[in-house]
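No lab work stands behind these numbers, since they all come straight from the coordinates. Predicted, not measured: the structure shown is a model, and the values here were computed from it. Reconstructed Cβ throughout: ideal geometry from the backbone, glycine too, with neighbour counts over all protein chains shown.
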């Protein structure tokens, strides 16, 4: 099938992008890495879009230290996150997650901001942002604002970004001494979306557990987190299985995904316990 | 003089060696010429409006809005094309009772599967054609849908084609011996239910056709990605009311076929019909979604089967009840009954036993039509047979290799006729098994498995012996009335510069046919393979032939090439003998030079002989035959098919918490007779294994109960990828067929035939201590956990 785009414009900076969006009469779509949007265009799942290419906005790319946080530009490519030393040191969950994301060609183009804003319930980065307690930065016609990851994912492919707002980046807290971060997932083939996956972070303040590909949005499994804080793994597995209502599709049933969530939690805990030993 | 194949140091010894592929450089450099690369003057594009319903009456078509789209030239309905293109019926006389209704290029009045073409929109670009197609309004009145195979014949299931009376397309029962008595007196009878999932071929290059009609000289030219150019020539001529001689089919580079591109597709015939109506070139390239919903599907079988064995593990009887749903039409012209028929022909294939009953039931339903795909019926028959044999071994407490050794035909038993009435000229089951055991170090692997089990790792070893049908005679299609050639031809000529041109009726789909032909011809004439240019895939240029299917290219096309090359060699030597005043029998051709046979002394380069023949023929004796061009055709006569055999093994690990299977290693020993190009054969086997592993672990087309296709994309239909593939060790035993001098049988499908069964048996070997067994492919993580009882709701 041939894409049926309504137009294309390249934004030179964020204000320009916002201006193009404002003038698009509702047809504007931000184009970053294009790894989901272009596929959708090519299947005519979306037609007549006015593509606003933000991929060349230099300010939105790169990783820097910002006090006790890392600030990651929205246009930072998956591959760059995977090989970045700051990320490896301060947010190793993101480095590890990259290994699970698709294939090299997609990692070379796809951006972390695109992955977050697209909000695919089976994607890794949204769940990482939740587990790390990231803060997302957005800019719109009325200025900039910060959104907690917990407040960002609303539904399948839906976020709390306002119409026309651009996700400019995210801040993740630097791992404290002794903090452990792991990601576990099972996919049918390497590079496929996970059948189910989870991210587990253990900090002094307690555990943070996010689960993905188990519902319409990635979610923090608060019941399981409390049980983990109490040191009761069996209760955590039970709580996790009760907290989710995974969908069935051609790859696996909801029952399988619920079972898998428990298996992955035990594996993740085993890994972080192993790290403590 | 015959070729001393046993002597690897013989002159021009290219047969049996890995030589470079003549077309590899072109393809790697991106200079291949696929159909979509061809642009003709005044060319237009067609896009199809396809049925969104699995079964519906077409009550109205409104196309005015589409016609208003910029670039749209014309819109055709089924009724429009029915005026210029006759319908076809996919039946063959030798498949007794097979029935199918007439099928049109575009649906007329009724659509019968999701994806059936209903309206064609022609425009100056594909994008404009799609814009137009999106605006065509078709009114559908939905009809009752038939999707389930097993209930298709029930009294309360709607009949898809009322004129045909019921939903039964074909049924065949084969009985040999007394199965009931053998079962009754057996030491053990084991039953199982098997399921193989609906697949499709997923060719890298989608189906593609570009048709040009020249009213001026009454000639149709179809540039087509096809396996059988001459068959397509016949079909286009027959249904578009043209003389066969006025249809030229050109098949350039093809990006993989696997059986998908050997069938007649309504959208492709529609493209040709439109070209004839509009008098200008029309191109159709299927996109990936169209591929999933309209390329033929295959392998959708459900089977109940039983095996009876005595206390020593000897097979007493097999009983197989096979069911398959083929969609709403039997595919033209090869029919959709062949796959079920093959299951009947091939079950129990490697084994010497007496009592056999097998029935296949082929039913209509509202899904994409199914037809022949790589290793037609083999993966199903091998899974049934080898699954049952392993279950019998387990019931007897016998090693799976031992039970096979006790039942396989002895290597000196041939010729022999199987209980399915298949005739085997010469197979090597025991030698192949011996070689496999040595390659895989079976005992050490069993020790590793036991050691892993102590660590809580569940590893399994699976063995699958198999037979493969290759080199088909007219018994496959011709006797049923289809104009599908089982013979094939090759013309070999020498040009003035001493180079050789070979024109062959078999075709190149990317698998290396042209490399095989170049080395056969090089050895046959006595020149370097680089001096041979091979031309295939043009019905106006090459000798008439069948093309590529049923693993026939090397065995039949290769033999025709060898005979033509050797005839040319003789012609050259006769001219050389006159020029050198020598005895032709004392001369030979080596590396492009006429030499004295005994000493190898160089006497005359071929380019000098060419110069004399073509430019100074006056210096040769009057009346000397000087045709430096020879054509030979070859057909198998002694056996309906040249069966090959082999055995595969899989070693894998099952994660019993997640159900994930990790492939650790894979082996295949096969016997395709004479190996012409070892590397090509090995890679054919590996590629085939990968497709078999796809069936075992990943590939499954899903429909809902309304006949909607649920996974028509590469994200949802999982093909095997490199990261999950194990190393594949390939070994050979060579039992050449005596039907030809070359002795080659086919090698293209062996890998696919045996791999799924090997994996199934390995998984069950791993799960057996846990009391679990899987028989429904693909073996997804969920199916494995359900077999283990881990998931029950």
Original post:
Rounded if a/c is under 1.5, else prolate if a/b is larger than b/c, else oblate: which is the range B:109-244, with a ≥ b ≥ c the root eigenvalues of its Cα gyration tensor?
Top reply: prolate
Original post:
Can you sort B:51, B:185, B:336, B:531 so the residue with the fewest Cβ neighbours within 10 Å comes first?
Top reply: B:185, B:531, B:51, B:336
**OP:** Treat the count of other C-beta atoms within 10 Å as a stand-in for reagent exposure and order B:5, B:466, B:475, B:424 from fewest to most.
**Re:** B:475, B:5, B:424, B:466
Original post:
Quick one: if you stick a label point 7 Å off each Cα along the C-beta vector at residue A:235 and residue B:310, how many nm between them?
Top reply: 6.6
Subject >> Reciprocal mean inverse distance between Cα atoms of the range B:305-413 - Kirkwood radius, Å >> reply: 15.0
Original post:
Kirkwood Rh over Cα pairs of chain A into Stokes-Einstein at 20 °C, 1.002 mPa s: D in µm²/s?
Top reply: 112
Original post:
Expressed as cubic angstrom per residue, what is the convex hull volume of the alpha carbon set of the range A:46-165?
Top reply: 125
Original post:
How long is the gain from residue B:706 to residue B:238 if the chain were fully straight, where each residue apart is worth 0.36 nm and the alpha carbon distance is subtracted?
Top reply: 164.9 nm
Original post:
Using r as the Cβ-Cβ distance of residue B:89 and residue B:619, and R0 as 45 Å, what FRET efficiency do you calculate, to the nearest 0.05?
Top reply: 0.15
Subject >> P(r) of the range B:585-651 over all Cα-Cα pairs, binned every 10 Å from zero, in whole percent >> reply: 15, 26, 22, 16, 15, 6, 2
Subject >> Size of the range B:103-183 as Cα extents on the principal axes (Å, biggest first) >> reply: 68, 28, 20
Original post:
Rounded to the nearest 500, what is the protein assembly as shown's calculated 222 nm mean residue ellipticity when only DSSP H runs of at least 4 contribute -39500 (n - 2.57) each, over all residues?
Top reply: -8500 deg cm²/dmol
Original post:
Of the listed peptides B:17-25, B:448-456, B:500-508, what is their order by residue-averaged count of other C-beta atoms within 10 Å, with the highest listed first?
Top reply: B:500-508, B:17-25, B:448-456
**OP:** Using only the Cα atoms of the range B:630-750, construct the convex hull and provide its projected area averaged over every direction, in square nanometres to one decimal.
**Re:** 12.0
Subject >> Normalised per residue, the volume of the convex hull around the Cα set of the range B:701-793 (Å³) >> reply: 203
**OP:** Give me the orientation-averaged projected area of the Cα convex hull of the range B:508-564, in nm², one decimal.
**Re:** 3.8
Original post:
Measuring from the lowest to the highest alpha carbon on each principal axis, how far does the protein assembly as shown reach, largest first, in angstroms?
Top reply: 101, 75, 68
Subject >> Residues residue B:495 and residue B:770, FRET efficiency given R0 of 60 Å [Cβ-Cβ distance, rounded to 0.05] >> reply: 0.35
Subject >> Ranked packing of B:480-487, B:580-587, A:207-214, most packed first, by mean Cβ within 10 Å >> reply: A:207-214, B:480-487, B:580-587
Original post:
Per 10 Å bin, what percent of the C-alpha pairs of chain B does each bin hold, from zero upward?
Top reply: 3, 13, 22, 24, 19, 12, 6, 1, 0, 0
Subject >> Chain lengthening between residue B:141 and residue B:626 when straightened (0.36 nm per residue, less Cα-Cα) >> reply: 167.6 nm
Original post:
Roughly how crowded by other chains is peptide A:239-252, in terms of the mean Cβ count from those chains within 10 Å of each of its Cβ atoms?
Top reply: 2
Original post:
How many percent of the alpha carbon pairs in the range B:219-339 exceed a separation of 25 Å?
Top reply: 40
Original post:
If we sort B:372-385, A:160-173 on the protection proxy, mean other Cβ atoms within 10 Å, highest first, what's the order?
Top reply: B:372-385, A:160-173
Subject >> Quarter of the Cα convex hull surface for the range B:186-237, i.e. its orientation-mean projected area (nm²) >> reply: 7.5
**OP:** For the range B:626-675, would you read off the P(r) tail past 13 Å as a percentage of all alpha carbon pairs?
**Re:** 77
Original post:
Roughly how many nanometres apart are two label points built 7 Å out from the Cα toward the Cβ at residue B:192 and residue B:26?
Top reply: 4.6
Subject >> When the range A:7-53 is reduced to its Cα atoms, the Kirkwood hydrodynamic radius in Å >> reply: 10.8
**OP:** At 0.36 nm per residue, minus the direct Cα-Cα distance, what do residue B:134 and residue B:590 gain on full extension? Give it in nm, one decimal, please.
**Re:** 157.8 nm
**OP:** Starting from the Cα of residue A:108, step 7 Å along the direction of its Cβ; do the same at residue A:83; then give the gap between the two resulting points in nm.
**Re:** 1.1
**OP:** Inverting the mean 1/r over all pairs of different Cα atoms, compute the Kirkwood radius of the range A:180-276 and quote it in Å.
**Re:** 13.2
Subject >> Distance between the range B:186-258 and the range B:456-494 - C-alpha centres, whole angstrom >> reply: 17
Subject >> Percent RCO, i.e. relative contact order, over chain B, from Cα pairs under 8 Å lying at least 6 residues apart >> reply: 15
**OP:** Kindly list the residues of the range B:253-276 that lie in the label zone of residue B:541, defined by a backbone N under 16 Å from the point 7 Å along the Cα-to-C-beta vector.
**Re:** B:253-254
Subject >> For the range B:542-674, the Rg and Dmax computed from alpha carbons only, in angstrom >> reply: 24.7, 85
Original post:
Where in the range B:700-731 does the label zone of residue B:448 land, with the point 7 angstrom along Cα→C-beta and an amide N cut-off under 17 Å?
Top reply: B:725-731
